[in-house]
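Okay, so here's the structure we're looking at.
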Amino acid sequence: MIPRYLINFDSDKIPKSVSDVLVIGSGIAGLSIALRIGADFKVTLLTKSELGETTTRYAQGGVAAAVGENDSPESHFKDTIEAGQGLCNEEAVKILVSEGPARLRELIEFGAKFDFNNGKISLSREGGHSVARVAHARGDATGSEIEATLVSLVRKNSGINIKENVFVLDLITQEDKCIGVITYKYPDEIEIFYANVVVLAAGGMGQLYKVTTNPPIATGDGAAMACRAGAEISDVEFIQFHPTAFYANENPRFLITEALRGEGAYLIDYDGNRFMLGVHPLAELAPRDIVTREMFRTMTSTNKDFLFLDATRIPIEKLKSNFPTIYRHCLDNGIDISKDMIPVAPAAHYMSGGVSSDMNGRTTLPGLYVCGESACTGVHGANRLASNSLLEGLVVSKRICDILPSEIKELKTDFEKVSVSYRLPRGYSKADVLEVRDYLQKLMTDNVGVVRTEKALKLALDAIESAEDILELEFNSVSGFELQNMILAAKLIARSAFERRETRGVHFREDFPLKDDLNWKKHSVLKLNEGKMEVSFRGLVGQPSRLS
Ligand SMILES: Cc1cc2nc3c(=O)[nH]c(=O)nc-3n(C[C@H](O)[C@H](O)[C@H](O)COP(=O)(O)OP(=O)(O)OC[C@H]3O[C@@H](n4cnc5c(N)ncnc54)[C@H](O)[C@@H]3O)c2cc1C
């Protein structure tokens, strides 16, 4: 059984505070929301690390938006739908591509220094895009520029109560409504934050895998806490693996952006062949799932751990000016990308699914809103189009802020009267947290990775279920709580991947290698019912049952 809360507590005995809006997470999604709503409402922003330590900060390629002369929202729509392999919510995609350009321009007005060329936003091309459409800042340092800009604005806004290094353990619910969170701060501070509205912007779960581009904060806390609170989770089997992470024995692995291929870098095997030619008309710029799978196939058949990216035909001045971060990182690792091949291999990169929501961030749990990588609005379908995720964070955060004023009024709670407690007989943990985390990451990479089979998924599910006892133990460390979230998040992914008996987008089943629209053009929906995980499949995604 999966316990409702990570710790036992009695709200009457814990320090509490009340806000109008509580934001969990300080990436592009959380910061954008706090910033927009902070002037008018009492906002508390909680983040488990320092304010700027997020996945957003590491984004390289940029923000996709139809702002180029030869581009249009219709073309961006078409590319997004094509990448999503029949599972995109078309209404949601229309909103994304039509509101995207205005949100990008707003970000530039906020002060983010995007790259310009002759007075026009400079655009690069990435996989699956039919034109150059990706706006970038300081070459390949887009995420760092966006994060720094938003952090500085949020810090200047005295209306936002910023709480760093505060780990959100759980969403508190009363009468099936989310009314706040319970938190842990090292070494032993437990606190409750109540709010009329809670926005979950806790990012993704790449750290469930041994080989990932995601920073250590990406442990799936958002999906796990939302699931424990009773919200629906959708499409989490669609984990995107980026084809070109720098090969090294490290976690996370450094990303080599697709934009480098957009400038002309080739993927090369050990015999010096461009193996993507003949696989897809766009060759190296095919959608990510196709490139990743071909790399995996080539690596497996030749028994190699990595292949090569050849950027040597790009002029050195361009490499230095457009890809300064990559150029420096590779040089620090003994590789001069203007002369040497870059060793690359696929790595877990992005969670296309998440907490089911509409394009206004509404989840199936009243009082809970979700934004950014934690959300499943249906815009990514079975495979996110490159650089659509920062865009989604920008577009949905604005839309959430447009509806929040009226929702806050509607959801008002009298917190004086609230009393919540939870008690479960728990043993103290003797588990070696790092050892179990390492085991889980390897289990996921080996069995719930790029290529999946019934046998491997069953093995993973059995192993995860036998680790579920850990969910009933009492921890008092962030790493312990993260491990508990990772076990639940791993179960969500493995269970939906096991159930989906077809191949679609980034979900490749070797035993069911074809797309099967007749039976599976549906979204997975996972929900806890009295501590047991239930899975169903339905036609609509991003349209929670509360709203349909
Ligand atoms: C290397 C790399 C390059 C990428 N490049 C691009 C790109 O070029 N374009 C693009 O569109 N996308 C890119 N992506 C994806 C994109 O960066 C992310 O999807 C996006 O930044 C997610 O933003 P977010 O605000 O949802 O979450 P994040 O930026 O991950 O922020 C999550 C926040 O939640 C907090 N948090 C998590 N759990 C808890 C908890 N329990 N308690 C309190 N706080 C918590 C974290 O501390 C953090 O502040 C890239 C991803 C990676 C890894």
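Nothing in this text is a laboratory measurement; each read-out follows from the coordinates by a stated rule. Keep in mind that this is a model prediction, so the values were computed, not measured. Every residue, glycine among them, receives a Cβ derived from its backbone with ideal geometry; neighbour counts consider all protein chains shown.
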Hey, how many Å between the Cα centroid of the stretch 231-268 and the Cα centroid of the stretch 24-92?
18 Å
Helix runs (DSSP H) in the chain reaching 24 Å along axis by Cα, Kyte-Doolittle at least 0.0
90-110, 388-410, 478-499
Tally Lys and Arg at +1 and Asp and Glu at -1 over the other residues with C-beta under 12 Å from the C-beta of Leu267: what net charge comes out?
-3
What the 10 Å binned alpha carbon P(r) of the stretch 281-428 shows, as percent of pairs per bin from 0, is 9, 22, 24, 20, 14, 9, 2
Pairwise centroid distance, computed over Cα atoms, of the stretch 294-337 with the stretch 130-163, Å:
26 Å
Helix-only [θ]222 nm of the chain, DSSP H runs n ≥ 4, -39500 (n - 2.57) each, per residue, nearest 500:
-10000 deg cm²/dmol
Long-range amide H contacts for Gly353: which residues qualify at under 5 Å (H placed 1.01 Å from N, peptide plane, sequence gap of 5 or more or a different chain)?
Phe238
Over all alpha-carbon pairs of the stretch 464-504, lay out the pair-distance distribution in 5 Å bins, whole %, shortest bin first.
5, 23, 26, 18, 12, 8, 5, 3, 0
Could you list, in their original order, any pairs among Lys442/Lys532; Lys42/Lys210; Lys185/Lys210; Lys491/Lys521 whose Cα atoms are separated by more than 31 Å?
Lys42/Lys210
Projected label distance in nm at Arg426 and Asp188, using a 7 Å step from Cα toward the beta-carbon:
1.4 nm
Environment charge of His242, counting only residues whose C-beta is closer than 10 Å and scoring Lys/Arg +1, Asp/Glu -1:
+1
Long-range tail of P(r) for the chain (Cα pairs > 31 Å, %)
43 percent
I need the phi-derived Karplus couplings for the stretch 174-190: 6.51 cos²θ - 1.76 cosθ + 1.60, θ = phi - 60°, integer Hz, Gly and Pro marked x.
9, 6, 6, 10, 7, 10, x, 9, 10, 10, 10, 10, 4, x, 7, 8, 10
Lysines with Cα under 23 Å of Lys113, excluding same-chain neighbours fewer than 8 positions away
Lys156, Lys318, Lys320, Lys398
Starting from the Kirkwood radius over alpha-carbon pairs of the stretch 144-233, derive D by Stokes-Einstein at 37 °C in a medium of 0.692 mPa s and give it in µm² s⁻¹.
218 µm²/s
Please give the peptides 34-42, 367-375 ranked by average Cβ packing (other Cβ atoms within 10 Å per residue), highest first, as a rough proxy for protection.
367-375, 34-42
What does the net charge come to around Asn529 if you take all other residues with beta carbon closer than 15 Å to its beta carbon, with K and R at +1 and D and E at -1?
+2
